1. Nearest 10 degrees, 0 to 90: what angle lies between the long axis of helix 353-364 and the longest principal axis of the chain (Cα atoms)?
2. For Asp567, Asp208, write out the residues from largest to smallest accessible area, computed with a 1.4 angstrom probe and no ligands counted.
3. Using θ = phi - 60° and the Karplus form 6.51 cos²θ - 1.76 cosθ + 1.60, what ³J(HN,Hα) does each residue of the stretch 69-81 get, whole Hz, x for Gly and Pro?
4. Once you have the Cα-Cα distance between Asp385 and Leu460, take 0.36 nm times their residue separation minus that, and quote the gain in nm to one decimal.
5. Compute the signed sum of charges (Lys and Arg +1, Asp and Glu -1) over the other residues within less than 13 Å, Cβ to Cβ, of Glu175.
6. Place a +1 charge on the Cβ of each Lys and Arg in the chain and a -1 charge on the Cβ of each Asp and Glu, then give the dipole magnitude about the Cα centre in debye, rounded to the nearest 20.
7. Could you derive backbone 3J(HN,Hα) for the stretch 393-398 from the dihedral phi with the Karplus parameters 6.51, -1.76 and 1.60 (θ = phi - 60°), listing whole Hz in sequence and x where the residue is Gly or Pro?
8. Using amide H atoms built in the peptide plane, which far-off residues or other-chain residues are under 5 Å from Ile543 H to H?
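The values are calculated or read from the model by the stated rules, or taken from the named source; none is laboratory data. Computed from a prediction, not measured in an experiment: that's the story for all the values here. All Cβ positions, glycine included, derive from the backbone under ideal geometry; neighbour counts span all protein chains shown. Side chains included, ligands, DNA and RNA excluded: accessible areas come from the protein's heavy atoms. Shrake-Rupley method; radii C 1.70, N 1.55, O 1.52, S 1.80 Å.
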Amino acid sequence: MCGIIGYIGKEKAAPILVKGLKNLEYRGYDSAGFSTIDNGTLLIAKDTGKLNEIELKININELHGCVGISHCRWATHGNVTQENAHPHTDCTGRISIVHNGIIENFSELKEMLIAKNHKFSSSTDTEVISHLIEEYYTGNLPEAVRKALKEVEGSYALGVLSADEPDIIVAARNESPLIIGKGKNAMFIASDVPAILEHTNEIIYLDDKEIAVLTKSNFRVFDLDGREKKKEIKKISWSMEDAEKGGYEHFMLKEIYEQPRAIEDTINGRLKNGTINIKEELGMDENSLKKISKIIIVACGTSWHSALVGEFMLEELAKIPVEVEYASEFRYRNPIVDADTLVIGISQSGETADTIAAMKEAKRRGAHVISICNVMGSSITRISDAVLYTRAGPEIGVASTKAFTTQLAVLYLLTMHFAKLKNTLTEKQLQSMAQGIRKIPLQMQAVLEKDAETEELAHLYHKSTNALYLGRGANFPIALEGALKMKEVSYIHAEGYPAAEMKHGPIALIDKNMPVVFVAPYDTYTYKKILGNIEEVKARGGIVIAIATEGDREVAKKAGHVIYIPDSLYTLSSMLSVIPLQLLAYHTAKKLGKDVDKPRSLAKSVTVE
Ligand code: F6R
């Protein structure tokens, strides 16, 4: 889980690499490094820490040359040390490589290479690739990389330089993301679009087991057998501004505030005059869709929470049995899947290794596999039979926010589609669902205008060491999500539970120091029960913070603090109730002086198992 950028062109490479890498730091930020070629000499500079710290430790200006590769690291094999930072070189110091992924057979390869007298200077899996390339190098770098990769098992996105061939960069990918950017008199490689968007919006997506050879004016792509492949150049519509902070202090805050726009974009064109219009995107004929007897949703983390809300929507309104699985568990079980099972993978990045593996497994077992994803052309979208894109735009903050609510929007549209197809709702009910979601962007805006109230709560309670989040129905996953947000950015221990489960254990934790957040928008099933749970917390001296529906006087009488959200259809309430919890986590982390956009030990896309 690391970031890569490479440049070959007419300008000095190093400053371009530093700038591009800053847009990839969400992928890893424990160390970084650069390699360029200047007058036939390979130059390397690397160190531990975040990029702005490294810039103080190494002199970027000394890295001359118009070709270079660089890397920001999130350690998997080997500690966070300067030796383990990328780029890595071969024994001659004339070949350098950057790598994102995991080489599974690195121990065997290392043993074999050591027997051939190769000297290793790091404990990474990556270094075996540079020595393997050296083994095959006879003056033709693409050929040596191709031969080396034939022996490598595992995942890789690679950038390779050789001081003997300063006019090319060789790149390759297998199960780790890598794109090529075609600029004006320059070519780029990168793990993700924001790294190169300033220079080009013309992108080529590499597929698994492909090798690319870049010169400053051209690129060619080959398979591992050396056969040339035709690649399409795609134009990305994201602007650089989309990928930058736009005046907000942190990406997380910017992305929380972007949610009304993101929902608007996600539903646009998919709802016409109250009619749902996702048939073509789904890419399945009506008969096959009608035959679907079960849906399994696989996802991780925040995306798994959106899957839980999706389960509630699909079962409640479309009457289809749904199972929600942690992708990491699904892939190693013996799941019961057949041709009438629809498997949905949900992922913001489209690069989460466990979700990719779960979807591949479902496909292998004969299921129709679709995805809900935010990143066009990402790995998950390419293994899916069809993709419903969330149109959230680039999500840079490590804590997922706008991707989550746009996933809920897509799940809601999917529910409408199935409900119509299976006749489980009347036309009138469908119309009311369409009107309901149309109102959400404005209602989100109204919640965002209460930001000062969440900031005040953060001010009061940021010194707490624990917090409980409770909810029911479609808002139980929001309790989980609120707790996850708090944990990951503020490092305060927080747990989410179904509110009724409190009495089976967690109630023992409640005392006067314990903030308990009730996600309690009005609903006809469980609202009254939640009021009872609030009483139970109060009786034990706990601090009650409630998220409730505008106008709810009952909750106001019982809770210490209430943040109101506008009245909406209950299935849509989770899109609103999550916002104060995102803001509460954000302000708490900020008050505690935490690095909100780059929480410790986390990376934006988890491309390893
Ligand atoms: C939490 C968070 C993670 C991701 C998870 C899945 O804020 O961002 O829990 O949700 O790693 O990532 P995607 O959705 O990219 O598959």
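1. Helix 353-364 sits at roughly 80 degrees to that axis.
2. Asp567, Asp208
3. Rounded to whole hertz, the list is 10, 8, 7, 10, 10, 10, 4, 10, 10, x, 5, 7, 9.
4. Fully extending the segment from Asp385 to Leu460 adds 22.1 nm.
5. Here the count lands on -4.
6. Taking the Cα centre of the chain as origin, the dipole is about 1020 debye.
7. Listing the rounded values in order: x, x, 9, 9, x, 4 Hz.
8. Here Met514, Val516 satisfy the definition.
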